[in-house]
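**Student:** Structure provided below as structure tokens; questions to follow.
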Amino acid sequence: MTAPSSADAPHTAEVGVRIGLSAVVIALHNRQAVVLTTRAPDGTPALPFGPFDPVKDRTFELALRQFVTEQTGFPLGFVEQLYTFGDIGRASPRATPGPQAAREVSVGYLALTTNSANAADFATEGRAAAWTPLFDIFPWEDWRCGPPASLPNLIDGLKRWAGSDARRLTRIDGLFPLSPDTRWNEERVLERYELLYEAGLVNEASRDHDRPAPPSLGDLSMASDHRRIVATGLGRLRAKLKYRPVLFDLMPDRFTLSNLQTAAEAVSGLALHKQNFRRGVERTGLVSATGQLATDTGGRPAELFRYIGPDVATGSAPGLALPGQR
């Protein structure tokens, strides 16, 4: 049998790959968890995003640090790789010029900082950086004062989408506390956003599928799939609170235990039991009293503490417990 010639072989179009880097930079500002955003060409909030040049850039992280500073004026501190986003049809900014057939892949990074300086400080040389509250992007994730105001409309929309489909109703009940037996799991940020996207209840879904915009849930949409990337970052951070001392990467050198609890609540979206939280912090051995007092508390001066790092003998550093809501 004669082997088929190359002319007889099925034709497969060559598809290139472009690699971009996205940064989810989280800080605390005015008792809120905030994320650093820029502006897409149409004015929509976006994450700092830039190309990876395999010829010029030595590593992903160095490239990320450089373009984030160039776009926002903001120098990054702690950084860790988050996830690689490469779904077909991503409407993300193009990493490099090229044909539309190129596959767009974005490597997301999570960065934490104690520097929540006013974004106006970065608005130089044409930059458009801002600190955007995370709960403006995901208002249904904020349970610090009880169920979010938008929750009834959100649940109604999900129920209309689910109809009598038992599988969909089970998913909804697993992600939102519809029954007394369902516990709110603050870590499942991405799953909740993806459920709302699938149900067509967020603007990105109508944009991507050319459908009418849904009724507002009081949420802020973002360019491309950047809200999905932020959801991944917030879910990762909430999970890490419990097994790594990452909260201290958001804290100044000196802080009160009330400051620390406010930070934990701002990230987790939960209202925590004050005494149980403080006992949990003391058990970790991660903080030490400084002997100084904070006088700007608006009441009785409070003792200032500092983070002392992992146990010297074991090198281990636990996270912080998130005790039952107050």
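The values are calculated or read from the model by the stated rules, or taken from the named source; none is laboratory data. On a predicted model such as this, the values are computed, not experimentally measured, just so you know. Don't worry about glycine lacking a Cβ; one is built from the backbone with ideal geometry, like all the others, and counts go over all protein chains shown.
**Student:** Quick test for you: out of LEU220, LEU196, LEU234, pick the one residue that is without any contact (Cβ under 8 Å) to a residue 60 or more places away in the chain and not polar (S, T, N, Q).
**Tutor:** Going through LEU220, LEU196, LEU234 in turn, just one is without any contact (Cβ under 8 Å) to a residue 60 or more places away in the chain and not polar (S, T, N, Q): LEU196.
**Student:** Can you pull out the residues in the stretch 221-231 that are at pLDDT 95 or above and β-branched (Val, Ile, Thr)?
**Tutor:** Listed by number, the list holds a single entry, VAL230.
**Student:** Still on this structure, I have one more. Considering SER206, SER164, SER150, which residue is modelled with pLDDT of 95 or more and of a type in the set (Gly, Ala, Ser)?
**Tutor:** Selected residue: SER164, the only one of SER206, SER164, SER150 that is modelled with pLDDT of 95 or more and of a type in the set (Gly, Ala, Ser).
**Student:** Report yes if LEU21 is buried (at least 16 other Cβ atoms within 10 Å of the Cβ), within 16 Å of the chain's Cα centre (by Cα) and either modelled with pLDDT of 85 or more or assigned to a strand (DSSP E or B) (or both), otherwise no.
**Tutor:** Yes: the conditions hold for LEU21.
**Student:** As an exercise: evaluate SER206 against (1) among the hydroxyl-bearing types (Ser, Thr, Tyr); (2) in the same structural domain as CYS145 (by TED's automatic domain parsing); (3) in contact with a Ser or Thr (Cβ under 6 Å, 6 or more places away or on another chain) and give the number of the one condition it does not meet.
**Tutor:** Looking at each condition in turn, SER206 falls short on (3).
**Student:** With respect to the numbered conditions (1) touching a strand residue (DSSP E or B) at 6+ places or on another chain (Cβ under 9 Å); (2) at pLDDT 60 or above, which one is the sole condition not fulfilled by PRO75?
**Tutor:** Unmet condition: (1).
**Student:** ILE172 versus (1) touching a Leu at 6+ places or on another chain (Cβ under 8 Å); (2) hydrophobic (A, V, I, L, M, F, W, C); (3) under 18 Å from PHE135 (Cα atoms): which is the lone unmet condition?
**Tutor:** For ILE172, the failing item is (3).
**Student:** Related question: Looking at GLY157, GLY233, can you tell me which residue is more than 21 Å from the chain's Cα centre (by Cα), surrounded by 14 or more Cβ atoms within 10 Å (Cβ to Cβ) and not hydrophobic (A, V, I, L, M, F, W, C)?
**Tutor:** When all the criteria are applied, what remains is GLY157.
**Student:** Go through ALA321, ALA271, ALA289, ALA317 for me and flag whichever is modelled with pLDDT of 85 or more, hydrophobic (A, V, I, L, M, F, W, C), surrounded by 15 or more Cβ atoms within 10 Å (Cβ to Cβ) and not assigned by TED's automatic domain parsing to the domain that holds TRP143.
**Tutor:** ALA271
**Student:** A further question follows. Among the residues of the stretch 59-71, is there at least one that is part of a loop (DSSP other than H, G, I, E, B), under 19 Å from the mean Cα position of the chain (by Cα) and at pLDDT below 90?
**Tutor:** The answer is no, given that none of the residues of the stretch 59-71 is part of a loop (DSSP other than H, G, I, E, B), under 19 Å from the mean Cα position of the chain (by Cα) and at pLDDT below 90.
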